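Comments concern the structure below.
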Amino acid sequence: MRRLIVCICVAVPGIAVVAPLAGCSFFVRRLGGAFSHAPGEMADGLSAGARRLVDEAFRDIDPATLVDHHAHVAGLGAGGTGCTVNPEMRSFWHPVKRFKYSIYLSAAGVDDLERADRQFVERLADLVRSTPRHGRLLILAFDRRYAKDGTIDEAGTEFHVPNEYAFAVAREFPDVFVAAISVHPYRKDAPAELSKWAAQGARVVKWLPNAMGIDPSDPLCDPFYDRMKELGLVLLSHGGEEQAVDGEENQRLGNPLLLRRALDRGVKVIVAHGAGLGENVDLDSPGREPVPNFDLFLRLMGEEKYKGLLFGEISAMTQYNRIGTPLTTLLRRADLQERLVNGSDYPLPAINALIRTKSLVSQGYLSEEERAGLNEIYDYNPLLFDFVLKRTIRAPGTGERFQASVFMERPGLAVTK
């Protein structure tokens, strides 16, 4: 956030790590959840300047339609939730993965593994409820990885959050959470699973193709897309390179152009992160040269036939490895903002190392005064920090900001209905 100990290597996006440090709680705390106050202390603890930033952030925002389209819940199965993480994440034989796992636990405020699943959810609910004029978060289930023959690939599954669990949490906390399901299209029961959860109110299906081994352009997905269209479901699919979970061998699956197959079958698609990271081959070019994923996303957004079907989502766009062209472009282009929605990608905003407010100042997105207020907010509530940051930043040199409508539910998507 404010400083980064540059000599440390960490298995979170873009930071290099020294395996012997994997058990060091100091470095986990410093790079992970470096907040120092409880969310409920914020009302009395913020300075006048920080409070002004919060008030300004909520200007023109209708809390009834305020939506965070991208928030994760996860767990270890404590309490019978059915959640799992890959055993390598907890193994001393895989120190990099174990350190990354420790960072996520720290960011989510988990310090008791016997209650990990419950602590994760209670912490997230507390963050939302302590926010003035709060809206609701779309909490994401996360399906296992499947092979094309429909068999489960347990070894390749980084983590699993059952649809049943996401719905149970949303039902327990209806004032703050709405559940999104995750169904792998290679599952033999995939269309039936979509129908089952749509009947219970699901509106959004979450994919992370790079990690889940999904090729969105595969003809095997056609029955899945047709059922989604029939049920009026929205696909929230990761776009671009993925660094938060293992998927290195499948980065090509984050190519935004692969989503044309879903769009051409009439499915509404939200591209997470605006595909703002990494490169992929240009599938429209005979030379198949590498092109930034963000440019491929912009190409899709520019195609007239996809208006009303294709949307972008801005979670993680303020991370240090995405600031620059992707963030500045979205801030400056009002035509694109009409088709953008907000997401936090929680718990990533609570990973101290990922959001560097000093870099945002040096590149002209924030003033020093704004930075000081935002850092205060982070110490109480990193989720609110993410929202206020996005409402505060402006395009360097020209001053455009994200419109208030980006943070409220789009009538054409209706993800919380």
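Some observations on this one:
- In the set (1) more than 27 Å from A199 (Cα to Cα); (2) more than 22 Å from the chain's Cα centre (by Cα); (3) open to solvent by less than 60 Å² (accessible area, probe 1.4 Å), L113 fails one condition alone, (3).
- Here the helices (runs of 4 or more DSSP H) wholly within segment 293-388 that include at least 3 residues being at pLDDT 95 or above and closer than 21 Å to E241 by Cα are 293-301, 325-332.
- Top-ranked residue of segment 120-154 - restricted to ones that are acidic (D, E) and under 23 Å from P39 (Cα atoms), ranked as surrounded by the fewest Cβ atoms within 10 Å (Cβ to Cβ): E122
- Residue check for R30: within 25 Å of I377 (Cα to Cα), modelled with pLDDT of 95 or more and surrounded by 14 or more Cβ atoms within 10 Å (Cβ to Cβ): no
Every residue, every condition in (1) loosely packed, with under 15 Cβ neighbours inside 10 Å; (2) at pLDDT 90 or above, yes or no:
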{"position": "I15", "(1), (2)": "no, no"}
{"position": "S36", "(1), (2)": "yes, no"}
{"position": "L46", "(1), (2)": "no, yes"}
{"position": "F58", "(1), (2)": "no, yes"}
{"position": "I61", "(1), (2)": "no, yes"}
{"position": "A78", "(1), (2)": "no, yes"}
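- Options V204, V176; residue that is farther than 29 Å from L258 by Cβ and touching a strand residue (DSSP E or B) at 6+ places or on another chain (Cβ under 8 Å): V176
- Test result for R144, modelled with pLDDT of 90 or more, basic (K, R) and either closer than 24 Å to M42 by Cβ or touching a Pro at 6+ places or on another chain (Cβ under 6 Å) (or both): no
- Scanning segment 348-362 turns up one or more residues that are closer than 25 Å to T65 by Cβ and surrounded by fewer than 24 Cβ atoms within 10 Å (Cβ to Cβ).
- Within segment 296-314, the presence of a residue that is under 16 Å from Y378 (Cα atoms) and open to solvent by less than 10 Å² (accessible area, probe 1.4 Å) is excluded.
- Residues in segment 116-150 that are under 18 Å from the mean Cα position of the chain (by Cα), not in a loop (DSSP other than H, G, I, E, B) and not charged (D, E, K, R): F120, V121, L124, A125, L127, V128, L137, L138, I139, L140, F142.
- Counting only helices (runs of 4 or more DSSP H) that fall entirely inside segment 151-258 and contain at least 3 residues that are touching a residue at least 24 places away in the same chain (Cβ under 8 Å) and under 30 Å from P132 (Cα atoms), the qualifying elements are 163-172.
The values are calculated or read from the model by the stated rules, or taken from the named source; none is laboratory data. Treat the numbers as computed from the prediction; the structure is a model and nothing was measured. All Cβ positions, even for glycine, are placed from backbone atoms using ideal geometry, and neighbour counts span all protein chains on display. For the accessible areas, the whole protein counts, side chains as well, though only heavy atoms, and no ligand, DNA or RNA atoms are used. Shrake-Rupley method; radii C 1.70, N 1.55, O 1.52, S 1.80 Å.
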